[in-house]
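Read through the structure below, which is laid out as structure tokens, and then see the notes.
The values are calculated or read from the model by the stated rules, or taken from the named source; none is laboratory data. Since the model is a prediction, treat every value here as computed from it, not as a measurement. Cβ placement follows ideal geometry from the backbone for every residue including glycine, while neighbour counts extend to all protein chains displayed.
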């Protein structure tokens, strides 16, 4: 049995890659804990593993006294001399205990402690080996299904590929080979996390950093830092946008990533099973960056509203579908890449909204009001102003009859002007706008 214990230690050390001395120390500690659980925590006990014989030697230490008051920690001189005739009072004597006397429950407890300590040591070893490999691509083989995803063998250890980190269109079965990115290695020493269940290493194929890692592997200029990846936005398995910047004038960032006849980018697309990749040139000017990110759509104008973190984009009417993309994919990825909200208008809609806004601003100036006052009162179009009664306008806007008259004149003129322009007519000379309206038009120009 002692030889079997020795063989077991050697086998576990070899299979798990655990330090043999650590296993022996764990075994000694487990047996010591079991002895104390059976006989009490006050027991002064020492456990030694004899590496030559494979024996576990357990010693209980007691103080030799003339009269015993604490039988757990003391032994009479008479009894002590039956073990060692030369012993004297106040000496400490070690009495060997038989491991077999511990009993089944104590033995089971020792086994549990050993298993737990081995698991802790294995987790510590995995953490130390892989903690600095986060962001690295690893290859593995699908081993089994886990309730949270798939367990993948990546060498001597297992990793978890969670469901949310898988590419939606990909389907796996046992024995399949794959590549993925290490995104997390659980630290067994974290006080705020429960006992690690399942693989300690988490990998991903859907993470945006996996795309960046593939570019570093396939494009030497990226790996060397000549071309820098400034951002990645992905709809895993479908489409992605990668923003790049060259640190050297003579190096084309897009050409470097694409490669000769698309060789480099095709290697990445093939690894991602056909995921379409748009390479975008990064620019410090957010308007230029947005124009690049929304390609291949043609952009008419861009308005950046920094206070709202918003970009308003106007495109020709026939470019709306291209700008938005299938199911809004193009604009969503562009917004994610930039970190800004993006609103897209067609030329027709922009002109319509702009015309209404200018008209309301002119009316507000005549009535000595703000546009916000008109809008908050519910008067958001010229037609709404014209259709409202005098009482509604005076109460809603809090204006006098004289200002009401000026407001009516401005509304009628602007709406008559718009109608005449739509019909291709000139504005009648008799319908000249008031001076306030002409000044507002001048400001807008």
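Rundown of residues vs (1) modelled with pLDDT under 85; (2) surrounded by fewer than 17 Cβ atoms within 10 Å (Cβ to Cβ); (3) touching a helix residue (DSSP H, G or I) at 6+ places or on another chain (Cβ under 8 Å), yes/no style:
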position	(1), (2), (3)
15	yes, yes, no
18	yes, no, yes
30	yes, no, yes
34	yes, no, yes
41	yes, yes, no
65	no, no, yes
74	no, yes, no
86	no, yes, no
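Of the strands (runs of 3 or more DSSP E) lying entirely inside segment 142-221, the ones with 2 or more residues being touching a residue at least 60 places away in the same chain (Cβ under 8 Å) and in contact with a strand residue (DSSP E or B) (Cβ under 6 Å, 6 or more places away or on another chain) are found at 201-204.
Looking across 367, 297, 323, 293, one residue alone is more than 26 Å from residue 256 (Cβ to Cβ) and at pLDDT 90 or above. It is 323.
Select from segment 296-319 the residues that are assigned to a loop (DSSP other than H, G, I, E, B) and touching a helix residue (DSSP H, G or I) at 6+ places or on another chain (Cβ under 9 Å) and list them in ascending order. If the condition is that a residue be assigned to a loop (DSSP other than H, G, I, E, B) and touching a helix residue (DSSP H, G or I) at 6+ places or on another chain (Cβ under 9 Å), then 296, 297, 298, 299, 300, 316 are the ones that fit.
Can you confirm whether segment 266-278 contains a residue that is farther than 30 Å from residue 171 by Cβ and surrounded by fewer than 16 Cβ atoms within 10 Å (Cβ to Cβ)? The answer is no; no qualifying residue exists.
Applying the criterion of at least 1 residues that are within 48 Å of the chain's Cα centre (by Cα), in the same structural domain as residue 157 (by TED's automatic domain parsing) and under 24 Å from residue 119 (Cα atoms) to the strands (runs of 3 or more DSSP E) found wholly in segment 1-100 leaves an empty list.
Out of 261, 291, one residue alone is surrounded by fewer than 22 Cβ atoms within 10 Å (Cβ to Cβ) and touching a strand residue (DSSP E or B) at 6+ places or on another chain (Cβ under 9 Å). It is 291. Residue 233 meets all of the listed conditions (1) closer than 30 Å to residue 17 by Cα; (2) outside any loop (DSSP other than H, G, I, E, B) but one, namely (1).
The residue that is modelled with the lowest pLDDT, counting only those in segment 123-144 that are farther than 25 Å from residue 211 by Cα and surrounded by fewer than 17 Cβ atoms within 10 Å (Cβ to Cβ), is 124.
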